[in-house]
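The values are calculated or read from the model by the stated rules, or taken from the named source; none is laboratory data. Just so you know, these numbers come straight off a predicted model, no measurement behind them. Ideal geometry is used to build each Cβ from the backbone, glycine not excepted, and the neighbour counts take in all protein chains shown. Just the protein is used for accessible areas: all its heavy atoms, side chains included, with ligands, DNA and RNA removed. Shrake-Rupley method; radii C 1.70, N 1.55, O 1.52, S 1.80 Å.
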Amino acid sequence: MTHTRADYPLAETQPGAVTGKHGKALPEITLDAVLAGEVTMEDLRITPQALQAQADVARDVGRPTLALNFERGAELVEVPQDFIMQVYELLRPGRAKSREELLEAAATMRDTYQAERIARFIEEAAETYAARGLFTFRF
Amino acid sequence: MTPKLNRWKRFADWDERPLRLDKFAAEDPANGFSAFSSPADPKPGIGIKGGRVVSLDGVLEHDYDMIDRFIARHHIDPEVALEAMALDSATVARWLVDMNVPREKLVRLAHGMTPAKLAEVVSQLNALEIAFAYSKMRARKTPGNQAHVTNAKDDPLQLAADAATAVAFGFDEIETTMRVSRNAWSNAVACAVGGAVGRWGTLFQCSSEEAEELRIAMAGFTSYAETVSVYGTEKSFTDGDDTPWSKAFLAAAYASRGVKMRCTSGAGSELLMGFHEAKSLLYLEARCLCLQRGMGVQGTQNGGIDGAPLTATIPGGVRELMAENLIAVWLDLECASGNDARSTESEIRVGAKILPYLIAGSDLICSGMGSILKYDNSFNPSLINGEELEDYLVLQRDFEADGGLTPLPESRAIELRERAVEAIAAVFEELGLSTPTEDMKTSVVYASGSDDTRSLMPRDVSFISEAIKERGITVIDVVKALANRGFREEAENLLNVVKLRLSGDYLQTSAMIRNGRIVSAVNDPNDYLGPGSGYRVSEERRLQLNDIRDVLDQKEVLRSEALHEKDEAKHIRYRNLGPAANGSAKDDVVIGISPAFGLKLYRTTAGHRLSEVLGAMIDAIRARGLKARVVRFRHTADTSFLGLSAARLAGSGIGIGIQAKGTAVIHQRDRQPHNNLELFSNAPITRLEHYRALGANAAAYALGEMPEPIVVPQRGEAMGSRYHARVALIYAIETGLTEAGAAPEEVDITLTGAKS
């Protein structure tokens, strides 16, 4: 289902449908639940579905590039923090010594995490870095 | 002989002004010192082939640097580009300031415009037009503001107290950073806890190293980030150790963690980094902003930022900062509009810098107003700091403009600071991180800045900070600790902020939280279409803005006068002897007093007892062997007419008129009412010796002499701003007692000679 600006803010229009990673909905995340030890950080993480809904809303109000960022973000939700930081590091100038290193990271994103948009984005970076000589050694 | 000097002394005076600490740079495009245009700036242009951008501002695709590439692929909308680029720039500039051209139309066109085109359009606007266009084009209707909360010791108790006060002043976002980078975790916990005192919904960021910042956000302590910097030339970008792709990847990573994010860019950074390519500041900044829209970030911290002080040294630099902010909002980005780094030592330049933003409104007027004192600001001093925050509150009231802040009563501030300090101390104790003493806590509650505190020092803080990090303490632990120690409301508030990340509603453009609800460009879009539309200060909000401290009203003036009534009764008695007669003796000088003199009002604005003032004048007249007769007039309260009426009654033809506030005049029987002999109009600086001299001169005139007129020396004090509100209220009390045709009354004065 595609969301529109009428669904915004989701936390107010459909709080029951806004859930964390383990399916706990917004109204269930109370202070008492936290004190009872029933809420973990994982319950406080955004889901790909919520990001997709925000992407729909952004597109509906005329912000296509913001929507694309939310969609790239949706793909990264399940990617472990360490791998995200590793890829970020690799994308910085001179970290990757060749196009192949970036293409390998893109392949992992695509094959392991089904992060297709992210993969293409990294490939585009690889192509640019090659054209601009960014695979040089930086001391 | 007056010696000849080698300079006009006015220049020596000017040398002492704070302004002369500012340095100014010559316009020099070849070396990057040009605000709006440089011979090296490209002409706007675009080529589209098969839906692909094959040339951009005169550069062919195979020559694109990485910034051109990113803009061509991710910013330019090929479906709009040909139409938008074909428009005459002057026409588009006019549309920006035409209230009848809707924002959406202009935003759509911006999607098809290149950096050179955007820069060319906004360059056509003068400063006033830029401010107006900014007001019309900014994304969210309701304005907001952001504060810096830091201190020179990284003291978490003070951070918590200062965060709580910043929240109470109404800041929508607070931002911290550290003196010592390993103290980041402690700063984050302290501000998160302090920011949860009093109300919930203030977003919080901890500016630190990129990876660390993301980890702190993951632990739930922060809710937004804005230090993702981008640059306008390829070399400065790589020197900044990033590329558009690495930054865009980071933007997606923040979104994936449900954390609000904006980029940072501003004029002058490329110039500071030495890779400006001889381009103008505005053109480079237009590139940065197109990049940011292409990256898909919701907003930008923009308007010079760290480069603002350098930009302000260049001719037109401050106008350029406004112009780049306009491009940001035209591109539909949330704009935290700079006004943070202090770009001048001149308070006049500070006030001039902030005013357009205050009256135009902005998503975040300052991307960091110093809510703390200058020396405590670990980002460097802001344009406006804790020292001047009250000036800003008054500017809001003066212009009836909503700058996002609300005056905070002193008692409430203390209450909140106590609560915040107790809350963070409880969390530290509960988690076994530190046990702050009562003395530490008390010193912080009442401290204006860290010079006044005896609290945790940077080294103590490092142990706390590293323990938080190593033990993997998260916001859930902190919420529990708060609740377990009786800070249930703060625990709820903190949890509410973390819950924002579940729906991601606050990831949309220009999102902030007001009264527990999301307000963003989606549900609060700027709908300005002329007077009566867009953001208006509601009556309720206007009353809030008005409510600064120490406001005078008539009740307050009468209350303070009543305090003096009893005291004055010990010094003087007035006895009404009935209608005053015309004097005939040559030695008769009349002192005409005003209707409320000694009856409702008892002190001059300089604070002298009226009995002392009268006594001084009478003594001086008598010292010349003349008689001083006191007459009360009730037909007028005007000084000139009091004096002239007194002169007409006096046998000598010389009278003194004096109002209760102390304004006095020497008059002569046959003169025009306002053509007096001597006027003492600056009552607040008129001393008893002047009243004595006034009496002496009146006597001299009565004796036919020509004395040296008395000059009450003044040093250019803004007497009106200091006294006129009180004077107007006092004078209304005088005029309220006047009665047309009321006859003058002879008054017998008894000065008791009592010591105060």
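Quick notes on this structure:
- DSSP beta bridges in the protein assembly as shown [antiparallel fraction, %, rounded to 5]: 50 percent
- Overall, the anisotropy analysis places segment B:130-266 in the oblate class: the square-rooted eigenvalues a ≥ b ≥ c of its C-alpha gyration tensor yield a/c not less than 1.5, with a/b not exceeding b/c.
- Beta bridges by DSSP in chain B, antiparallel share as percent, to the nearest 5: 50 percent
- Gyration tensor verdict on the protein assembly as shown (Cα atoms; rounded if a/c is under 1.5, prolate if a/b is larger than b/c, oblate otherwise): prolate
- For chain B, the longest principal axis of the C-alpha atoms and the axis of helix B:488-503 are separated by about 40°.
- Across segment B:70-198, C-alpha contacts under 8 Å between residues 6 or more apart give a mean separation that, scaled by the residue count, equals a relative contact order of 21 percent.
- The contact between chain A and chain B removes approximately 5600 Å² from the accessible area (both sides summed; 1.4 Å probe; ligands, DNA and RNA excluded).
- Rounded to 10°, Cα long-axis angle of helix B:347-360 versus longest principal axis of chain B: 70 degrees
- For segment B:484-621, the per residue solvent-accessible surface stands at 47 Å², with DNA, RNA and ligands left out and a 1.4 Å probe.
- Cα centroids of segment B:50-115 and segment A:76-117: 31 Å apart.
- Using the Cβ-Cβ distance between residue A:12 and residue B:452 with R0 set to 41 Å, the FRET efficiency from 1/(1 + (r/R0)^6) comes to roughly 0.40.
- Two-site label geometry, residue B:689 and residue A:40: point separation in nm, points 7 Å out along Cα→Cβ: 8.3 nm
- Residue B:437-residue B:387 FRET efficiency (beta carbon distance; Förster radius 30 Å; 0.05 resolution): 0.55
- Additional length obtainable on full extension of the chain from residue B:569 to residue B:551, 0.36 nm per residue less Cα span: 3.6 nm
- Relative to the longest principal axis of the Cα atoms of chain B, the long axis of helix B:639-649 lies at roughly 0 degrees.
- In this calculation the C-beta distance from residue B:211 to residue B:459 is compared with R0 = 22 Å, giving a FRET efficiency of 0.35.
- Accessible-area rank, largest first, for B:394, B:479: B:394, B:479, with all protein chains present and a 1.4 angstrom probe.
- Around residue B:151: net Lys/Arg minus Asp/Glu count, Cβ-Cβ under 12 Å: -3
- Solvent accessible area, Å² - residue B:437, 1.4 Å probe, full protein context: 70 Å²
- Taking a ≥ b ≥ c as the square roots of the eigenvalues of the Cα gyration tensor, segment B:444-557 is oblate, since a/c reaches 1.5 or more and a/b is not larger than b/c.
- Label sites at residue B:235 and residue B:670, each approximated as a point 7 angstrom past Cα along Cα to Cβ, lie 8.7 nm apart.
- Residue A:95 sits with roughly 70 Å² accessible to a 1.4 Å probe, with DNA, RNA and ligands left out of the calculation.
- Here each label is just a point 7 Å from Cα along the line to Cβ, and for residue B:496 and residue B:79 those points are 4.1 nm apart.
- With all protein chains in place and a 1.4 Å probe, the accessible surface of the protein assembly as shown carries 51 percent carbon and sulfur.
- Computed with every protein chain present, the accessible area of residue B:431 is close to 30 Å² [probe 1.4 Å].
- Residues in segment B:388-416 that a label on residue B:725 would reach, taking backbone N under 14 Å of a point 7 Å out along Cα→Cβ: B:391, B:393-399
- Compared with the alpha-carbon gap, the fully stretched path from residue B:619 to residue B:105 is longer by 177.1 nm at 0.36 nm per residue.
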